[in-house]
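Structure first, commentary second.
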Amino acid sequence: MADMLDYQSSKAAQIWKNELEYSILNAAIASGASGSARQMAGIVATVTSHTTGRLSGTSLSETELNAMVYDVATDVGMDDVFDMLVLTLQLRQKVSTFTAGTTKFVDAGDKRLTRPVAVYESDFNVMRVFAHKDVPSAAATPGPSVLGLREDKWKIAYLHRPEKQELAKVGPSERGQIYGEATIEFLAERTNARRHGFAQAG
């Protein structure tokens, strides 16, 4: 707090990062117009080839996850199937109750206290499991979602990397902004999958 401008800039940079994360998952494409910014299509809107809506209240199960892998594998082959699950916080807890294919590990060489990484071993492959606060979780359509993502098929492309810019002074005040532009780049949409409509618990 020694420098209020630096403090507020740090907070603004964190807000920018959080908004980028939300947009990467949930943004709807818009070309932009006077008074409204252009916007990219997020992962949820982009993954369409292997998207399945479940009946409301369907419980997430190992059978469901294996079916997601099977759908993609029969389309693109095992070598390109998604290797990461991203899901709601509550559905992540559900995966922790699975007995057949879940294991947790931490790097034995890292002595810091870290959160264990969950790994799920399906009938066909192994994938890491992550919860994210911005994965659709509301009960309304489309409902709580599970995203199966092939990590090396997604990239963030920057038109302008985020940076602090000073603005013109007004009287004794100091002003600035965090400015950046980015979009999500998808290289092989069919290697990913999405299922939605699951019950958050049970």
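The values are calculated or read from the model by the stated rules, or taken from the named source; none is laboratory data. Not measured: the values here are computed from a predicted model. When we count neighbours, we look across all protein chains shown, and the Cβ atoms used for this are built from the backbone with ideal geometry, even at glycine.
Please state which of the following conditions Asp6 fails to meet, knowing it meets all the rest: (1) part of a strand (DSSP E or B); (2) modelled with pLDDT under 90.
(1)
Condition test on Phe98, is it out of contact with any Phe, Trp or Tyr (no Cβ under 8 Å at 6 or more places or on another chain) and at pLDDT 65 or above?
So Phe98 fails the test.
What pairs come up if the first residue lies in the range 130-155 and is of a type in the set (Asp, Glu), the second is surrounded by 12 or more Cβ atoms within 10 Å (Cβ to Cβ) and assigned to a loop (DSSP other than H, G, I, E, B), and their beta carbons are under 7 Å apart, counting only those six or more places apart or on different chains?
Between residues of the range 130-155 that are of a type in the set (Asp, Glu) and residues that are surrounded by 12 or more Cβ atoms within 10 Å (Cβ to Cβ) and assigned to a loop (DSSP other than H, G, I, E, B), the close pairs are Glu151/Asp83.
For the range 24-37, which positions are out of contact with any strand residue (DSSP E or B) (no Cβ under 6 Å at 6 or more places or on another chain), surrounded by 11 or more Cβ atoms within 10 Å (Cβ to Cβ) and either closer than 16 Å to Thr88 by Cα or free of Cβ contacts under 8 Å to residues at least 12 places away in the same chain (or both)? Steps first, please.
Pass one, the range 24-37, residues out of contact with any strand residue (DSSP E or B) (no Cβ under 6 Å at 6 or more places or on another chain): 25-26, 28-29, 31-37.
Within this subset, residues satisfying the condition of being surrounded by 11 or more Cβ atoms within 10 Å (Cβ to Cβ) are 25-26, 28-29.
Across the range 24-37, the qualifying residues are Leu25, Asn26.
Please list, ordered by first then second residue, the pairs with beta carbon atoms under 6 Å, 6 or more apart or interchain, first in the range 156-169 and free of Cβ contacts under 8 Å to residues at least 60 places away in the same chain, second basic (Lys, Arg).
Once the first residue is free of Cβ contacts under 8 Å to residues at least 60 places away in the same chain and sits in the range 156-169, its partners that are basic (Lys, Arg) give Leu167/Arg175.
Considering Ala182, Ala157, Ala193, Ala199, which residue is within 23 Å of Ile43 (Cα to Cα), hydrophobic (A, V, I, L, M, F, W, C) and surrounded by fewer than 15 Cβ atoms within 10 Å (Cβ to Cβ)?
Being within 23 Å of Ile43 (Cα to Cα), hydrophobic (A, V, I, L, M, F, W, C) and surrounded by fewer than 15 Cβ atoms within 10 Å (Cβ to Cβ) holds for just one of Ala182, Ala157, Ala193, Ala199, which is Ala157.
Report, ordered by the first and then the second residue, all pairs with beta carbons closer than 6 Å, sequence separation of six or more or different chains, a first member in the range 173-188 that is at negative phi, and a second member that is aromatic (Phe, Trp, Tyr).
These pairs meet every condition: Ile178/Trp16; Ala182/Tyr158; Phe186/Trp154.
If only one of Ile43, Ile24, Ile29 is under 17 Å from the mean Cα position of the chain (by Cα), farther than 15 Å from Arg194 by Cβ and of a type outside the set (Lys, Arg), which one is it?
Answer to the check: Ile29.
Of the conditions (1) part of a loop (DSSP other than H, G, I, E, B); (2) touching a strand residue (DSSP E or B) at 6+ places or on another chain (Cβ under 8 Å); (3) within 25 Å of Thr48 (Cα to Cα), Lys133 satisfies every one except a single condition; which number is it?
It is condition (2) that Lys133 fails.
If a residue must be crowded, with 16+ Cβ neighbours inside 10 Å and either at pLDDT 95 or above or on the phi > 0 side of the Ramachandran plot (or both), how many such residues does the range 52-63 contain?
0
Only residues that are out of contact with any helix residue (DSSP H, G or I) (no Cβ under 8 Å at 6 or more places or on another chain) and either acidic (Asp, Glu) or over 22 Å from Pro136 (Cα atoms) (or both): list them for the range 69-89, please.
Scanning the range 69-89 gives Tyr70, Asp71, Ala73, Thr74, Gly77, Met78, Asp79.
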